[in-house]
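K.L.:
Okay, handing you the structure first.
No lab work stands behind these numbers, since they all come straight from the coordinates. Since the structure is predicted, the reported quantities are computational estimates derived from the model, not experimental observations. Cβ: placed from backbone, ideal geometry, glycine included. Neighbour counts: every protein chain shown.
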Amino acid sequence: MLETRDLTIRFGGHVAVNSVSCAFAPGTLTAIVGPNGAGKTTYFNLISGQLKASAGTVSLDGHSLSGLSPSARTHAGLGRAFQLTNLFPNLTVLENVRLAVQATREGAHRRGLNLWSIWSDHKALTERADQILADVALKSREHATVASLPHGDQRKLEVALLMALEPKVFMFDEPTAGMNAAEAPVILDLIRKLKKDKSKTILLVEHKMDVVRELADRIIVLHNGTLVADGEPAEVIASPVVQEAYLGVAKEAA
């Protein structure tokens with residue numbers, strides 16, 4: 001279980017995230033919604049370690065992550081797509097994913113698992129990378145350099161790298177942003193597949209309410225950095241505080 005307790009960050013006199021306490025269980029997809037400036041991405045940044053909290057804690061499986069770097073939190077089991085994109089833009093798509101697979105299996109070996117033979121097997125690494133690329137509809141671009149990819153394919157690659165790291169928690173911050181109508185369904189289908197693994201926890205920041213209604217098991221709403229609603233989608237969407245704070249703005253965009 002991923003949990004935040006009284007998580008807070010202040011920028012000068014502005015409280016961007018205000019004492020947010022929330023627990024996220026395996027086997028659930030929680031959508032985090034709210035108007036622009038509500039603190040959604042800042043909350044993500046606090047969980048993944050991109051920002052240092054002014055107060056409060058983050059823990060995973062009962063172990064504190066507070067004070068750990070983003071990379072250390074990734075090794076602990078937090079996976080956030082955007083932080084994984086700075087690999088090797090001049091290498092191919094396949095080489096990038098294969099390196100991520102190799103890093104994961106090498107890390108498992110260092111933790112004491114007998115995976116040396118798997119890690120050192122070039123064929124096994126390539127086969128796993130090929131499968132991931134097929135899952136994200138990038139197999140036809142496997143020999144293209146990352147720098148040459150259009151935006152939509154770069155977003156698919158982010159998800160591929162995230163899948164290669166096999167995290168306990170998947171964190172998606174507007175995963176279909178900037179994608180055209182033909183590209184977005186690939187990412188949404190991937191998230192649907194990930195939901196079937198009940199050992200994984202998924203957090204999703206998303207403005208498109210049709211996507212939230214379809215995918216979410218639970219919605220939490222942030223407004224001015226404060227948690228104002230938390231519950232099942234139908235209940236939260238119907239609540240007066242959400243209608244006033246968020247949905248009145250979002251209906252036009254949804």
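K.L.:
Using 0.36 nm times the number of residues separating Ala134 and Arg213, minus their current alpha carbon distance, what extension gain do you get?
P.N.:
Numbers: separation 79, 0.36 × 79 = 28.44 nm, distance 2.73 nm.
My answer for the length gained is 25.7 nm.
K.L.:
Helix-derived [θ] at 222 nm for the chain: sum -39500 (n - 2.57) over DSSP H runs of at least 4, divide by residue count, nearest 500?
P.N.:
Working: 10 runs with 97 residues, N = 254.
Result for the chain: -11000 deg cm²/dmol, rounded to the nearest 500.
K.L.:
Moving on. Could you compute the net charge surrounding Asp189? Neighbours are other residues with a C-beta less than 13 Å from the C-beta of Asp189; K and R count +1, D and E count -1. Display every interim value, and only then the final one.
P.N.:
Details: positive: Lys156, Arg192, Lys193, Lys195, Lys196; negative: Asp135, Glu183, Glu214.
In short, +2.
K.L.:
Using 26 Å as the Cα-Cα cut-off, could you pick out the over-long pairs in Lys52/Lys168; Lys123/Lys196; Lys40/Lys193; Lys123/Lys198? Don't skip to the answer; put the middle values down first.
P.N.:
On the way: Lys52/Lys168 22 Å; Lys123/Lys196 28 Å; Lys40/Lys193 24 Å; Lys123/Lys198 29 Å.
From Lys52/Lys168; Lys123/Lys196; Lys40/Lys193; Lys123/Lys198, over 26 Å: Lys123/Lys196; Lys123/Lys198.
K.L.:
How big is the chain on each of its three principal axes, counting only the C-alpha atoms and giving the largest first in Å?
P.N.:
Sorted from largest, the Cα extents of the chain read 56, 40, 35 Å.
K.L.:
Something else now. Treat each spin label as a single point 7 Å out from the Cα along the C-beta direction, and report the Ser21 to Met1 distance in nm.
P.N.:
1.3
K.L.:
Over the chain, what is the percentage of antiparallel beta bridges among all DSSP beta bridges, to the nearest 5?
P.N.:
55
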